[in-house]
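Please read through the structure below; I'll follow up with questions.
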Amino acid sequence: MQKQSRREFLKTLGLAAGSLSMWSRCLGAAGTTAQGGKRPNIIYIMSDDHASHALSCYGSKINKTPNLDRIANEGMRFTNAFCTNSICAPCRAVVLTGKYSHINGLTDNVARFDGSQQTFPKLLQQAGYETAMVGKWHLKTDPTGFDYWNILPGQGVYYNPVTIEMGQRKQHTGYVTDVITNSCLEWLKARTTDKPFCLMFHHKAPHREWEPGPAHLNLYDDVTVPEPETLFDDYSGRGRAAHEQDMTIAKTMNRKDLKLTPPANLTSEQKQAWDAAYGPENEAFEQANLQGDELVRWKYQRYIKDYLRCIASVDDNVGRLLDYLDESGLAQNTIVIYTSDQGFYLGDHGWFDKRFMYEESLRMPLLVRCPGRIRPASVNDDIVLNLDFAETFLDYAGVPIPADMQGRSLRPILEGHTPDDWRTSMYYHYYEYPAVHSVKRHYGIRTQRYKLMHFYHDIDEWELYDLKTDPQELRSVYSDPKYADIVAELKAQLKQLRARYNDTTGAPA
Ligand SMILES: [Ca+2]
């Protein structure tokens, strides 16, 4: 935004006419915000594995997300939001603590989160906020720092889920994205205090095995979803890690992922709708005996349609929440964030899943709306991290940011003023290996233009990508003499980042 001229800004506002009145209402005579000292509510919406290239406000070629786009049109969209360790539970721990995985203790999905440590919900609670956590938690220990919590056990299931509400198991009939949203709305409607609140609203969708809800079983039936350019990537130009992973559509995807085996826990009515949606196509598939690229193409269509159907339900349900905020008057003083715990491969490089520091899984969608505080339809390309969220929420709540948190408040950026000393590079570290999907341990640095990665443990390989000339990261230029100076410079910066974040884990840089 700060790079837009006033004329461009006004033009953008024209495109977001619905947002303009809301924005204007909050402007004082001098054009400053009229919010005064009133502390904003915070609604943090996080889905699971929703890649930014599956939101239309990010230019998706494969789906439309009108309700999520609304947050972008009425707030700020970040184009360089990254996670620090691209896997479910560790991302959640980073968000709660504002600390890297090696500091908060949750480096992989196997460990248990130590809920006795400092988290931003605890600090908000101490500062007089009412706090709630609803949906996928995935940290193995009970939530701490929340006045109310209602979570899925572990990964949860899509259909007829059990939730654990303040320690009590509850069986629900229905689709998980609706169930989680219902619980959030019930909590919001039942509130009786005048306290500001912070609600964490975490969807399970669109996590594997991508089971669509009853309302979207037939969405995309009559279309062929465009394939990613790298669907048939052969990994030449990259190191052993890209060759030796186990997350390809061709080999790794199983019959349950592909809905050739139905979910076990459907009601008879749900089963009927399910069979009607998948039955005829499955029968045709079993008879066709597809092989090679043709088989990959079929699997890609089945996978991506189901993934997008799950997102359609997230989008609808975010719309329900936004509507409620409008009707209740809460929209005016509530920060609404939409993000995902990390990105995902949508057939890019022939893959599904995440874990790698390559772009598709490193990058998260990040949309933030708050009328009067954040300009509508603004776009920012600074490097921001999930490590920054805790600090941002504390900043907006007027709570001092503890010195041991490792990120930085996004508030100045959200309000249109990127600090001169904002980070120009980010540090990443992935640990879960050997494990499912066989993505080797690695850490690295990403700047606006370059990415240097070091794979270690049972390997010692470096890769360098020039994102300007090779945005799809198809050819490592680590050994290209033309890039020798860049390699030396980035290695020095990487060492500095490891020292700054006190990361002594993994092989030395
Ligand atoms: Ca995830």
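Rule-based calculations on the coordinates, nothing more; no lab input. All values derive from a computational prediction rather than experimental measurement. As a convention, Cβ positions derive from the backbone with ideal geometry for all residues, glycine included, and neighbour counts pool all protein chains shown.
What is the packing order of peptides 378-390, 181-193, taking the mean over residues of other C-beta atoms within 10 Å and listing the highest first?
378-390, 181-193
Can you give the convex hull volume of the alpha carbon atoms of the stretch 219-303 per residue, in Å³?
114
Treating only the Cβ of Lys, Arg, Asp and Glu as charged (+1, +1, -1, -1), what charge dipole size does the chain show about its Cα centre? Round to the nearest 20 debye.
The dipole of the chain has a size of about 1300 debye.
So, one more: Report, as a whole number in µm² per second, the diffusion coefficient that Stokes-Einstein gives for the stretch 429-500 at 10 °C and 1.306 mPa s using the Kirkwood radius over alpha carbon pairs.
123
Also: What ranking, highest mean first, results for peptides 108-121, 351-364 when packing means the other Cβ atoms within 10 Å averaged over each residue?
So the peptides 108-121, 351-364, ranked by packing, come out 351-364, 108-121.
Per the helix-only calculation at 222 nm, which mean residue ellipticity applies to the chain, given -39500 (n - 2.57) for every DSSP H run of n ≥ 4 and division by its residues, nearest 500 deg cm²/dmol?
Calculated mean residue ellipticity at 222 nm is -9500 deg cm²/dmol.
Within the stretch 219-303, count lysine pairs with alpha carbon atoms under 13 angstrom apart where the residues are 8 or more positions apart or belong to different chains.
Taking the Cα cut-off of 13 Å, the pair count is 4.
How about Lys204: which lysines have a C-alpha closer than 16 Å to its C-alpha, ignoring those fewer than 8 places off in the same chain?
In chain and number order, the partners are Lys136, Lys140, Lys354.
Mind counting lysine pairs for me in the stretch 373-509? Cα separation below 20 Å, and the two need to be 8 or more apart along the chain or on different chains.
Final tally of qualifying lysine pairs is 9.
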